[in-house]
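Below you'll find the structure, written out as structure tokens, and then a few comments.
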Amino acid sequence: MSQPTGLAAKRCTPCSGTAQSLPADDVHRLLREVPDWSLTPGGDRIRRAWHARDFATALAFFNRIGGIADEEDHHPDLHLTDYRCVVVELWTHAVGGLTENDFILAAKIDSLPLELAK
Ligand SMILES: C[C@H](O)[C@H](O)[C@H]1CNC2=NC(N)=NC(=O)C2=N1
């Protein structure tokens, strides 16, 4: 795998007690670096959807995401419906909104392989 660049090369950092959600202009700037992700209607999460090849592929994808999440100590909400529809949502629980950690994890997830439905 080629060396990660940009957000994918960064590490998530523990949220300090005084950490706050990102202001809207930072959110929109960072969204441009992960263009396959979108802001949820409430503006407090980012999400991406995939149509995996099959259930086993979707589960393997979730396990890869889980490995990165534990390495980064920053964890996603994972949804697997209709046996292969995958949705990942990211937000920072400690601040109840978005921080740079969410965009770093999104970029790392984007670098994972996933065999999609034909
Ligand atoms: C103690 C541990 O570092 C924290 O609870 C981490 C774990 N994973 C996390 N994941 C997310 N998405 N948000 C958090 O605030 C968070 N905090």
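The values are calculated or read from the model by the stated rules, or taken from the named source; none is laboratory data. Here the structure is a predicted model, which is why all the values come from computation and not from measurement. Cβ coordinates were reconstructed from backbone atoms using ideal geometry, including for glycine residues, and neighbour counts include every protein chain displayed. All accessible areas refer to the heavy atoms of the entire protein, side chains included, with ligands and DNA or RNA removed. Shrake-Rupley method; radii C 1.70, N 1.55, O 1.52, S 1.80 Å.
Inside the range 47-74, can you point out the residues that are over 12 Å from I109 (Cα atoms) and β-branched (V, I, T)?
Scanning the range 47-74 gives a single hit, T57.
To keep it simple, each residue is scored yes or no on (1) basic (K, R); (2) at pLDDT below 95.
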residue: C12; (1), (2): no, no
residue: A19; (1), (2): no, yes
residue: P23; (1), (2): no, no
residue: L31; (1), (2): no, no
residue: R45; (1), (2): yes, no
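Consider only pairs whose beta carbons are under 6 Å apart and that are at least six residues apart or on different chains; among these, list those whose first residue lies in the range 91-106 and is under 11 Å from H75 (Cα atoms) and among the polar types (S, T, N, Q) and whose second residue is open to solvent by 10 Å² or more (accessible area, probe 1.4 Å) and assigned to a loop (DSSP other than H, G, I, E, B).
T92/T99; N101/C12; N101/H74
D70: surrounded by fewer than 12 Cβ atoms within 10 Å (Cβ to Cβ), within 12 Å of the ligand (Cβ to nearest atom) and at negative phi, yes or no?
Yes; evaluated as a whole, the condition is true for this residue.
If we scan the range 21-33, do we find a residue that is more than 18 Å from T5 (Cβ to Cβ) and within 14 Å of the ligand (Cβ to nearest atom)?
Yes, the range 21-33 contains a residue that is more than 18 Å from T5 (Cβ to Cβ) and within 14 Å of the ligand (Cβ to nearest atom).
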